[in-house]
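Trainee: Sharing a structure with you now.
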Amino acid sequence: MRVAVSNSGPLIHLTLAGLLDLVFELYDLILIPPSVYNEIIVKGKEQGHSDAFVLERTIINEKIKVEAIKKSNTEITSSKLHEGEINAIIISLQPKVKIILLDDEEARIFARKLGIKVSGTLGILIELFKRNLFGLPEALQYLKKINEVMYLSSDIYCFVEDALKDIVEAR
């Protein structure tokens, strides 16, 4: 079973960009800590965010599972990371987990230092495209949608756009 752990950012961004269903072509199950559930579902619904309702249905359909934090020998603390990021990193230390989905650079660096494989919203877009789940015009539209829901510098936007075009040339 292909299991990923996610923080709130990638789930929100992928949902708003219309890519959430396709993520399950890459992973059979996504685990989230209770703190991420509270952020994306409880607070999201209170604030009327449409993605909260979509994500809640995905939890009901058991594609996303809330995983309790177990006491471990590894204590993770950082003044630079939020509770959801720390809890997601703790869950991702389980042997069954293949990857953690994080968009925040500090959290990504922290997870990599622990030997955890990391991806994020843009990495998911590229991986889905590599697997021929949509063509270049659709990939560029998804990139545009992602850019509307999360900040991308012009350098990052152009880097991803070029990466998508390079994949086409390599085929």
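Quick note: the coordinates plus some simple rules give every number you see, no bench work behind them. Please read these numbers as outputs of a predicted model, since none were measured by experiment. Neighbour counts run over all protein chains shown; Cβ positions are idealised from the backbone, glycine included.
Trainee: If one computes the Cα centroid of segment 102-148 and of segment 12-34, what distance in Å separates the two points?
Mentor: Using only Cα atoms to place each centre, the spacing works out to 11 Å.
Trainee: Still on this structure, I have one more. Quick check: net charge around D155, other residues with Cβ under 14 Å of its Cβ, Lys/Arg +1 and Asp/Glu -1?
Mentor: Its environment carries a net charge of -3.
Trainee: Same structure again: Cα axis of helix 121-130 to longest principal axis of the chain: angle in degrees, 0 to 90, nearest 10?
Mentor: The answer is roughly 50 degrees.
Trainee: Under a point spin-label approximation (7 Å from Cα along Cα-to-Cβ), what is the M1-D28 distance to one decimal in nm?
Mentor: 0.7
Trainee: Treat each spin label as a single point 7 Å out from the Cα along the C-beta direction, and report the K144 to K117 distance in nm.
Mentor: 3.3
Trainee: Further question on the same structure: Which distance in nm do the two modelled labels at R171 and N61 give, with both placed 7 Å along the Cα-to-Cβ direction?
Mentor: 2.5
Trainee: If one takes the longest principal axis of the Cα atoms in the chain, at what angle in degrees, from 0 to 90 and to the nearest 10, does the Cα axis of helix 136-149 lie?
Mentor: 50
Trainee: Using just the alpha carbons, could you tell me how many Å³ per residue the convex hull of segment 123-170 encloses?
Mentor: Convex hull of Cα atoms, per residue: 65 Å³.
Trainee: Once you have the Kirkwood Rh of the chain from its Cα pairs, apply Stokes-Einstein at 25 °C and 0.890 mPa s and quote D in µm²/s.
Mentor: 149
Trainee: Taking DSSP loops as anything outside H, G, I, E and B, show the longest stretch in the chain free of GluC sites (Glu not before Pro) there with at most 16 other beta carbons within 10 Å.
Mentor: The answer is 76-171.
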